[in-house]
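Engineer: Mind having a look at this structure? Questions to follow.
The values are calculated or read from the model by the stated rules, or taken from the named source; none is laboratory data. Treat the numbers as computed from the prediction; the structure is a model and nothing was measured. Here the Cβ is made from the backbone with ideal geometry for all residues, glycine too, and neighbour counts use every protein chain on show.
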């Protein structure tokens, strides 16, 4: 039996909302205590206006970004069956031809997405909404890509979280030479802006709350199907992205945070195009297939509470079922939200965000994820994956 933190909008700017997650669909537990803002901590309304600055990317390339609206009309949306198919918003980050490209700076989120994020903590301040929406993302909209064909990495956010909460990771991977597609899964985030002035809200959150999280496998299965559809639209004969020729369709990876990480394993089980996968602190909901993902590599990257023999037995069980190269790493001082942009946002507003400083949390996450994909999508040996490293003392390797 185990618990899982659902990173909803309120979690990003005030506290994490704990929800039960189960090793099997029928099991439930009491929610874990949610982190709370310490007495005397500054409120959002007390914060002065200022630009939210995400950490600068570390690779040699400038970064471009494109936003895509995709609708899969071959499927019924599980949360809104009357919808016209499964509606997805995708941000594609990629290496730019010019490190100092003169395109329009990409916004972090839309005004409406930022408003709904802050609304979750009862803040209605236009200045603070602008701080979130216009956070510096270090990318430019639709600039010309760098020449060559690049590995593709798909990112799936935590439940209740929007795709933009993985921007620090996406931009860094793009600066290192990857094309990165971050998916907003319909009706599973605090707010997703879609064309026509509409906003998709987290209707799935209500369903999951009412079911006691007995439908976790529905989330991972739906996200796996979302991923297959996005791969079809990015790498198929008639791609939806104008720069799709930049993608090397023979080198594809997937990473996710929380249930997005669990969905990476589920997606790999049903789609052989995905060559390597990574789970950031998410409970697994599906048993690994009999062939252990066919020998494809997988990385577990989590908090100390996700070490071997922990309450979340899904990590031990999934680890035992994998047959290829596999890595089990925990990060001392990290909390559940520490693998997303949450530490940066929380730190900007003076709110608690785990024991690791925000810049350090981002740096550790970026380093190990880049090393994993560099080794398994590019074939570049990475000593960082061999064992403990003195420059990353927070990271512990487990080999149960």
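Engineer: Keeping to segment 59-76, report how many residues are touching a helix residue (DSSP H, G or I) at 6+ places or on another chain (Cβ under 7 Å) and closer than 19 Å to residue 181 by Cα.
Structural biologist: 5
Engineer: Would you point out which residue out of 334, 361 is touching a residue at least 12 places away in the same chain (Cβ under 8 Å), under 19 Å from the mean Cα position of the chain (by Cα), closer than 13 Å to residue 301 by Cα and assigned to a loop (DSSP other than H, G, I, E, B)?
Structural biologist: Numbers: 361 fails: assigned to a loop (DSSP other than H, G, I, E, B).
Exactly one residue qualifies, and that residue is 334.
Engineer: Is there a residue being free of Cβ contacts under 8 Å to residues at least 60 places away in the same chain, in a loop (DSSP other than H, G, I, E, B), at negative phi and in contact with a helix residue (DSSP H, G or I) (Cβ under 6 Å, 6 or more places away or on another chain) anywhere in segment 224-235? Don't jump to the end; show me each part of the working.
Structural biologist: Applying the first criterion (free of Cβ contacts under 8 Å to residues at least 60 places away in the same chain) to segment 224-235 yields 224, 228, 232.
Add one more test, that the residue is in a loop (DSSP other than H, G, I, E, B), and what stays is none.
Looking through segment 224-235, none of the residues is free of Cβ contacts under 8 Å to residues at least 60 places away in the same chain, in a loop (DSSP other than H, G, I, E, B), at negative phi and in contact with a helix residue (DSSP H, G or I) (Cβ under 6 Å, 6 or more places away or on another chain).
Engineer: Looking at 340, 325, which one is within 17 Å of the chain's Cα centre (by Cα) and at pLDDT 95 or above? Give the derivation first.
Structural biologist: Values: 325 fails: within 17 Å of the chain's Cα centre (by Cα).
After ruling out the rest, the residue left standing is 340.
Engineer: Has segment 48-58 got at least one residue that is farther than 29 Å from residue 365 by Cα, surrounded by fewer than 16 Cβ atoms within 10 Å (Cβ to Cβ), in contact with a helix residue (DSSP H, G or I) (Cβ under 7 Å, 6 or more places away or on another chain) and at pLDDT 75 or above?
Structural biologist: no
Engineer: Being touching a residue at least 60 places away in the same chain (Cβ under 8 Å) and either assigned to a loop (DSSP other than H, G, I, E, B) or under 19 Å from residue 369 (Cα atoms) (or both): is that true of residue 253 here? Quick ask: steps written out before the conclusion?
Structural biologist: Working: touching a residue at least 60 places away in the same chain (Cβ under 8 Å): yes; either assigned to a loop (DSSP other than H, G, I, E, B) or under 19 Å from residue 369 (Cα atoms) (or both): yes.
It is true that residue 253 is touching a residue at least 60 places away in the same chain (Cβ under 8 Å) and either assigned to a loop (DSSP other than H, G, I, E, B) or under 19 Å from residue 369 (Cα atoms) (or both).
Engineer: Shifting gears a bit: Go through (1) touching a residue at least 40 places away in the same chain (Cβ under 8 Å); (2) exposed (fewer than 15 other Cβ atoms within 10 Å of the Cβ); (3) closer than 19 Å to residue 169 by Cβ for residue 397 and report which single condition fails.
Structural biologist: Status for residue 397: all satisfied but (3).
Engineer: Taking segment 376-390, which residues are under 22 Å from residue 180 (Cβ atoms) and surrounded by fewer than 21 Cβ atoms within 10 Å (Cβ to Cβ)?
Structural biologist: So in segment 376-390, the residues under 22 Å from residue 180 (Cβ atoms) come out as 376-380, 382, 384-385.
Scanning segment 376-390 gives 378, 379, 380, 382, 384, 385.
Engineer: Picking from 148, 196, which residue would you name as being on the phi > 0 side of the Ramachandran plot and without any contact (Cβ under 8 Å) to a residue 24 or more places away in the chain? Spell out the reasoning first.
Structural biologist: Numbers: 148 fails: without any contact (Cβ under 8 Å) to a residue 24 or more places away in the chain.
Unique residue meeting the criteria: 196.
Engineer: If you don't mind, there's one more thing I want to ask. Within segment 242-294, track down each residue that is closer than 22 Å to residue 307 by Cα and surrounded by fewer than 24 Cβ atoms within 10 Å (Cβ to Cβ).
Structural biologist: 286, 287, 288, 292, 293, listed by residue number.
Engineer: Kindly indicate which of 148, 158, 196 is more than 19 Å from the chain's Cα centre (by Cα), assigned to a loop (DSSP other than H, G, I, E, B) and within 29 Å of residue 218 (Cβ to Cβ).
Structural biologist: Numbers: 148 fails: within 29 Å of residue 218 (Cβ to Cβ); 158 fails: more than 19 Å from the chain's Cα centre (by Cα).
Checking each option against the conditions leaves just 196.
Engineer: Pick out the one residue from 112, 119, 82 that is surrounded by fewer than 22 Cβ atoms within 10 Å (Cβ to Cβ), more than 25 Å from residue 377 (Cα to Cα) and at pLDDT below 95.
Structural biologist: When all the criteria are applied, what remains is 119.
Engineer: Sticking with this one: Between residues in segment 104-127 that are in contact (Cβ under 8 Å) with a residue 40 or more places away in the chain and residues that are part of a helix (DSSP H, G or I) and loosely packed, with under 14 Cβ neighbours inside 10 Å, which pairs lie under 7 Å by C-beta distance while being six or more apart or on different chains?
Structural biologist: Final answer for the pair search is 123/45; 125/45.
Engineer: On to the next question. In contact with a strand residue (DSSP E or B) (Cβ under 6 Å, 6 or more places away or on another chain), buried (at least 16 other Cβ atoms within 10 Å of the Cβ), part of a strand (DSSP E or B) and modelled with pLDDT under 95 - does that describe any residue in segment 21-40?
Structural biologist: yes
Engineer: Given the condition touching a helix residue (DSSP H, G or I) at 6+ places or on another chain (Cβ under 7 Å), part of a loop (DSSP other than H, G, I, E, B) and modelled with pLDDT under 95, answer yes or no: does some residue in segment 288-298 qualify? Let's see the steps before the verdict.
Structural biologist: Taking segment 288-298 and keeping what is touching a helix residue (DSSP H, G or I) at 6+ places or on another chain (Cβ under 7 Å), we get 288-289, 292-293, 296-298.
Of the ones still in play, those that are also part of a loop (DSSP other than H, G, I, E, B) are 288-289, 296-297.
Still in the running and modelled with pLDDT under 95: 288-289.
Yes, some residue in segment 288-298 is touching a helix residue (DSSP H, G or I) at 6+ places or on another chain (Cβ under 7 Å), part of a loop (DSSP other than H, G, I, E, B) and modelled with pLDDT under 95.
Engineer: In segment 205-221, which residues are touching a strand residue (DSSP E or B) at 6+ places or on another chain (Cβ under 8 Å), surrounded by 17 or more Cβ atoms within 10 Å (Cβ to Cβ) and assigned to a helix (DSSP H, G or I)?
Structural biologist: Of the residues in segment 205-221, the ones touching a strand residue (DSSP E or B) at 6+ places or on another chain (Cβ under 8 Å) are 205, 208-209, 212-213, 216.
With the extra rule that they be surrounded by 17 or more Cβ atoms within 10 Å (Cβ to Cβ), the set shrinks to 205, 208, 213, 216.
Result: 205, 208, 216.
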